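To keep things clear, I will list the structure first and then write my remarks on it.
The values are calculated or read from the model by the stated rules, or taken from the named source; none is laboratory data. Bear in mind the structure is a predicted one, so any value in this text is a computation, not a measurement. Here the Cβ positions follow ideal geometry from the backbone for every residue, glycine too, while neighbour counts run over all protein chains shown.
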């Protein structure tokens, strides 16, 4: 009985294919003429049926329709045929089963399980994110608490941006620059404001000093705001 016409249960209520119903009812009128004629009886897209384009197999996609059981029953009555009567009885029995207390409870339990699975998925994602972020947060807290100054690589990790992007952003904002040797240096105002430090690690015979720019904890906090502002403005 329940294999008479395929039923789709993907939505919040059962539906059937208009094209399959047309075929079962053995309607002589072409489907493309028949269905618009049925819609003239007051059926509405989005309420009584749902239209969509079928997947293309090389030609143009066809417009298909999924009909509610209520609309399907009314269409069966309009046909005034033995096939229409048979299909209508089929849909009546289907409705009884769909609306039975057992089916209603089953759907409610399924919905509750989906909600629970969704919450579990979110919690799992949060736990995984926390396991990744906690070491970073601990390192950040350690830097801030102990007043450590860090190089561009570690500063970029703390701020959460690529190293090269951090360097470029600081240059564009006027905190650092490249000298004649191509080395990155901090402007004096950045040093005076306590955002950056210079660490000398060599001096060659020509009098050129190798300088490493370090970002202070105050600089980390300042440049986090800088990165955030630049993202929002873009």
Meets criteria (at pLDDT 70 or above and over 30 Å from residue 75 (Cα atoms)) for residue 120: yes
One residue is enough: does region 15-26 have a residue meeting the conditions in a loop (DSSP other than H, G, I, E, B), without any contact (Cβ under 8 Å) to a residue 60 or more places away in the chain and either in contact with a helix residue (DSSP H, G or I) (Cβ under 7 Å, 6 or more places away or on another chain) or crowded, with 18+ Cβ neighbours inside 10 Å (or both)? yes
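In region 66-85, which residue that is in contact (Cβ under 8 Å) with a residue 40 or more places away in the chain and exposed (fewer than 14 other Cβ atoms within 10 Å of the Cβ) is nearest to residue 51 (Cα to Cα)? Show your work before the answer.
Step one: list which residues in region 66-85 are in contact (Cβ under 8 Å) with a residue 40 or more places away in the chain, which gives 66-69, 72, 75-76, 78-79, 81, 83-84.
Checking which are exposed (fewer than 14 other Cβ atoms within 10 Å of the Cβ) leaves us with 78, 81.
On the way: 78: 21, 81: 26 Å.
So the residue we want is 78.
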Here the residues within region 33-48 that are farther than 17 Å from residue 77 by Cα and in contact with a strand residue (DSSP E or B) (Cβ under 9 Å, 6 or more places away or on another chain) are 45, 47
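With respect to residue 50, is the statement that it is in contact (Cβ under 8 Å) with a residue 12 or more places away in the chain, out of contact with any helix residue (DSSP H, G or I) (no Cβ under 6 Å at 6 or more places or on another chain), assigned by TED's automatic domain parsing to the domain that holds residue 94 and part of a loop (DSSP other than H, G, I, E, B) true?
Judged against the criteria, residue 50 is not a match.
Of the residues that make up region 65-76, is at least one touching a helix residue (DSSP H, G or I) at 6+ places or on another chain (Cβ under 6 Å) and not in a helix (DSSP H, G or I)? Quick ask: steps written out before the conclusion?
Looking only at region 65-76, we keep the residues that are touching a helix residue (DSSP H, G or I) at 6+ places or on another chain (Cβ under 6 Å), and these are 65, 67, 69, 72-73, 75-76.
Applying the additional criterion that residues be not in a helix (DSSP H, G or I) yields 65, 67.
Yes, some residue in region 65-76 is touching a helix residue (DSSP H, G or I) at 6+ places or on another chain (Cβ under 6 Å) and not in a helix (DSSP H, G or I).
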Quick test of your reading of the structure: residue 101 fulfils all but one of (1) touching a residue at least 60 places away in the same chain (Cβ under 8 Å); (2) surrounded by fewer than 10 Cβ atoms within 10 Å (Cβ to Cβ). Name the failing condition by number. (1)
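Conditions tested, residue by residue: (1) modelled with pLDDT under 90; (2) more than 35 Å from the chain's Cα centre (by Cα); (3) under 30 Å from residue 21 (Cα atoms); (4) part of a loop (DSSP other than H, G, I, E, B).
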| position | (1), (2), (3), (4) |
| --- | --- |
| 84 | no, yes, yes, no |
| 90 | no, yes, yes, no |
| 95 | yes, yes, yes, no |
| 106 | yes, no, yes, no |
| 129 | yes, no, no, no |
| 134 | yes, no, no, no |
| 169 | no, no, no, no |
From the option list 140, 177, single residue qualifying as in contact with a helix residue (DSSP H, G or I) (Cβ under 8 Å, 6 or more places away or on another chain), closer than 16 Å to residue 220 by Cα and either at pLDDT 85 or above or not assigned by TED's automatic domain parsing to the domain that holds residue 228 (or both) is 140
Go through region 197-233 residue by residue and tally those that are out of contact with any helix residue (DSSP H, G or I) (no Cβ under 9 Å at 6 or more places or on another chain), at pLDDT below 80 and within 18 Å of residue 159 (Cα to Cα). 5
